[in-house]
1. Residues of the range 16-35 being assigned to a strand (DSSP E or B) and either farther than 14 Å from L94 by Cβ or modelled with pLDDT under 90 (or both), which ones?
2. So, in the range 138-152, of the ones that are modelled with pLDDT of 90 or more and surrounded by 11 or more Cβ atoms within 10 Å (Cβ to Cβ), which residue ends up farthest from M112 (Cα to Cα)?
3. Could you say which residue among F130, F118 is among the aromatic types (F, W, Y) and surrounded by fewer than 19 Cβ atoms within 10 Å (Cβ to Cβ)?
4. Please go through the range 119-151 and give me each residue that is out of contact with any strand residue (DSSP E or B) (no Cβ under 7 Å at 6 or more places or on another chain) and either assigned to a loop (DSSP other than H, G, I, E, B) or small (G, A, S) (or both), ordered by number.
5. Looking at S109, S96, S65, S102 in this structure, which one is among the polar types (S, T, N, Q), crowded, with 20+ Cβ neighbours inside 10 Å and out of contact with any Cys (no Cβ under 7 Å at 6 or more places or on another chain)?
6. Identify, by number, the condition in (1) modelled with pLDDT under 85; (2) not in a helix (DSSP H, G or I) that V116 doesn't meet.
7. In the range 70-115, which residue that is of a type in the set (D, E) and over 13 Å from the mean Cα position of the chain (by Cα) is nearest to T57 (Cα to Cα)?
Amino acid sequence: MSDTTNLSMSDATNLSMSDAIAYMRVSTAEQGRSGLGLEAQQAAIKAFAEREGIAVTQWLTEVQSGKRVSDTLDDRPILKAALAHAKAAKCLILVSKLDRLSRDVHFISGLMVQRVEFVVCELGRNQDPFMLHLFAALAEKERALISQRTKAALAALKARGVRLGNPRPREAALRGGEATRALWAARRVLAQKPK
């Protein structure tokens, strides 16, 4: 999996409707580094492409939270580049699940008017635009429910007296956390090295 943002127009003109650009997105830099979620997305796209006889010619990965209210293409440079090149090449964009594009109905609607065919692998190749809007609305609702559940769980923890947030490293070290002790040991070693 590569984070490819430099598609050339000569690459784009050599693609066709049986070719596709695969787009994958994770929400955090940690997920991007660890590969969490990316492997599942890649497997779903590969399986779908194989079943449908589609050749994936580019794999694009973006790290961007899907919960931003101002989800625009300017905030998603890799998706923006993929759309431009797919449009020039008249090829598909494959995405494993709709929420990897966005959990925002307005954003999904905006993508639909780009005149680039994007295929959501879990929904199939010939999705009706009306159904895509419904699925986008469901994804947006799920985003709101995730937020509500997270806030409720954090409130319950706080009510039980659990301190929320990132504890101060010194306090955590005094409580005996192994990871924190290792962090402080590493800091001491680094502090002792000549500059």
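1. Of the residues in the range 16-35, the ones assigned to a strand (DSSP E or B) are 19-26.
Across the range 16-35, the qualifying residue is only V26.
2. Applying the filter and picking the extreme gives K141.
3. Going through F130, F118 in turn, just one is among the aromatic types (F, W, Y) and surrounded by fewer than 19 Cβ atoms within 10 Å (Cβ to Cβ): F130.
4. As a first pass, look at the range 119-151 and keep what is out of contact with any strand residue (DSSP E or B) (no Cβ under 7 Å at 6 or more places or on another chain): 122-124, 126, 128-151.
Within the range 119-151, E122, L123, G124, N126, D128, A136, A137, A139, A144, S147 qualify.
5. Values: S109 fails: crowded, with 20+ Cβ neighbours inside 10 Å; S96 fails: out of contact with any Cys (no Cβ under 7 Å at 6 or more places or on another chain); S65 fails: crowded, with 20+ Cβ neighbours inside 10 Å.
Of S109, S96, S65, S102, the one residue that is among the polar types (S, T, N, Q), crowded, with 20+ Cβ neighbours inside 10 Å and out of contact with any Cys (no Cβ under 7 Å at 6 or more places or on another chain) is S102.
6. (1)
7. Narrowing the range 70-115 to residues of a type in the set (D, E): 71, 74-75, 99, 104.
Right, trim to over 13 Å from the mean Cα position of the chain (by Cα) and you get 74, 104.
On the way: D74: 24, D104: 28 Å.
Across the range 70-115, the extreme among qualifying residues is D74.
The values are calculated or read from the model by the stated rules, or taken from the named source; none is laboratory data. Here the structure is a predicted model, which is why all the values come from computation and not from measurement. Counting neighbours? That spans all protein chains shown, and the Cβs are built from the backbone with ideal geometry, glycine included.
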